[in-house]
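Here is the structure we will look at, set down as structure tokens.
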Amino acid sequence: MTADKIKIGVTGVGHLGRWHVQQLKAIPQADLIGIFDTDAKRANVIENEFGVPAFPEFEKLVEKVDAVSVVTPTITHYLYALQAIKAGKHVFIEKPVTETVEQGEEIVALADEKGLKLQVGHIERFNPAFLALEGIAIDPLFIESHRLSTFNPRGTDVAVVMDLMIHDIDLILSFVHSPVKSIDASGVSIISPSEDIANCRLNFENGCVANVTASRISTRKMRKMRFFQPNAYISVDFLEGASEVYHITDPAADNQGQNLAFSLGSVGEGKDRKEIRYTRYEKKDINPLNYELTLFLQSILKDQPVAVSGKDGVRALRVARAILKNIEEHAHLVKTQWSI
Ligand code: NAD
């Protein structure tokens, strides 16, 4: 580590790992030392494409760096993170943080004990449509979330809850500062061994309700999250990259920059006429992966807290696991009822 650069290595250079390599090559705070992948052919392809040495063993790469980015299949996250942390290296780890909650808790505790940074790749926190809402208070009573994808065999080794829904779970937990009181979920496996479609209703202790749907066999893509709160309705379109904030206003008020959605007439006896107006926030020109990796490197250089902590990753994983358990119980109940 020099005063302004972190020596970093990437393990797992498949679909997403390749993007990590590409971005780390471009980030001024990164000194990309090398890569590792158990598929030597794939490692060679990336080595040649980016001119970054492929190491024959992960241990050899770890020796040479200050930090590691773990972009291997989820089942291997724990072992790589553990090995790197034990060697005194900072870790960026893709989502879901680990396979089990216990594994996640263990690496979080160890990183804390050793004073190392551990950031989890919950990239939707840095979606340009979301970042555009900076400064808008999000304090929802009800959340509606849809993440629908067309089929792609990549990622189908885990249930859609762990692959896609976990993005929304993390986002929701970052806004609703209250424990989950109960879960009502169901899921269906259509073409892969685990659920391809899932829906859950998360009931929070503070009364907030989140209705979350994820599918990986949809005919068209949709990635939307809508927040309903007493003073506003906020709609975020992750795909389109635009967000809108709607609220009730007085026609006589200064509504500059706000578009009229519709007029409500008089709301309540003797009350003045009201209007629903909305403001559209165009997405920021930011590459989310570049941004989250830059924040990780900055947190090491400046010794500041990471943007998405290991604890955040474990919190999202705990809820995802509880949803999967609930789906299993629900499926069992349905089967039992059918067999009566
Ligand atoms: P992938 O299958 O395309 O790539 C995985 C790579 O890891 C392959 O090159 C494979 O050869 C290599 N690999 C497998 N086992 C290994 C091991 N034991 N040691 C070293 N390398 C190994 O998968 P992907 O889509 O790139 O996903 C990788 C990780 O990133 C997963 O945890 C996934 O959940 C996560 N992911 C996150 C997002 C996001 O939006 N943040 C998106 C996609 C994937």
Picking from A132, A159, which residue would you name as being away from the ligand (no atom under 13 Å from the Cβ), at pLDDT below 95 and surrounded by 18 or more Cβ atoms within 10 Å (Cβ to Cβ)?
A132
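Matching residues to (1) touching a residue at least 24 places away in the same chain (Cβ under 8 Å); (2) in a loop (DSSP other than H, G, I, E, B); (3) touching a Cys at 6+ places or on another chain (Cβ under 8 Å):
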| position | (1), (2), (3) |
| --- | --- |
| V158 | yes, yes, no |
| D163 | yes, no, no |
| I166 | yes, no, no |
| I169 | yes, no, no |
| L173 | yes, no, no |
| D184 | yes, no, yes |
| G187 | yes, no, no |
| I191 | yes, yes, no |
| E195 | yes, yes, no |
Check region 4-15 and report whether any residue there is within 11 Å of the ligand (Cβ to nearest atom) and over 23 Å from the mean Cα position of the chain (by Cα).
no
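Wholly within region 35-97, which helices (runs of 4 or more DSSP H) include no fewer than the required count, namely at least 2 residues that are closer than 28 Å to L171 by Cβ and away from the ligand (no atom under 12 Å from the Cβ)? Break it down into steps so the answer makes sense when it comes.
Values: elements: 40-50, 58-64, 77-86.
Where helices (runs of 4 or more DSSP H) fall fully within region 35-97 and carry at least 2 residues being closer than 28 Å to L171 by Cβ and away from the ligand (no atom under 12 Å from the Cβ), they are 77-86.
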Looking only at region 24-34, filter to residues that are small (G, A, S) and in contact with a helix residue (DSSP H, G or I) (Cβ under 6 Å, 6 or more places away or on another chain); which one of those is nearest to the ligand (Cβ to nearest atom)?
G34
Answer residue from region 237-256, given it is of a type in the set (S, T, N, Q) and in contact (Cβ under 8 Å) with a residue 24 or more places away in the chain and is nearest to G135 (Cα to Cα) among those
S243
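May I ask you to say which residue of S186, S145 is out of contact with any Gly (no Cβ under 9 Å at 6 or more places or on another chain), within 18 Å of L239 (Cβ to Cβ) and surrounded by 13 or more Cβ atoms within 10 Å (Cβ to Cβ)?
Only one candidate qualifies: S145.
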I'm trying to understand the selection: among the residues of region 34-76, which are of a type in the set (D, E) and either closer than 28 Å to T156 by Cα or more than 28 Å from the chain's Cα centre (by Cα) (or both)?
D37, D39, E47, E49, E57, E59, E63
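The values are calculated or read from the model by the stated rules, or taken from the named source; none is laboratory data. Being a predicted model, the structure only gives us computed values, none of them experimental. Neighbour counts run over all protein chains shown; Cβ positions are idealised from the backbone, glycine included.
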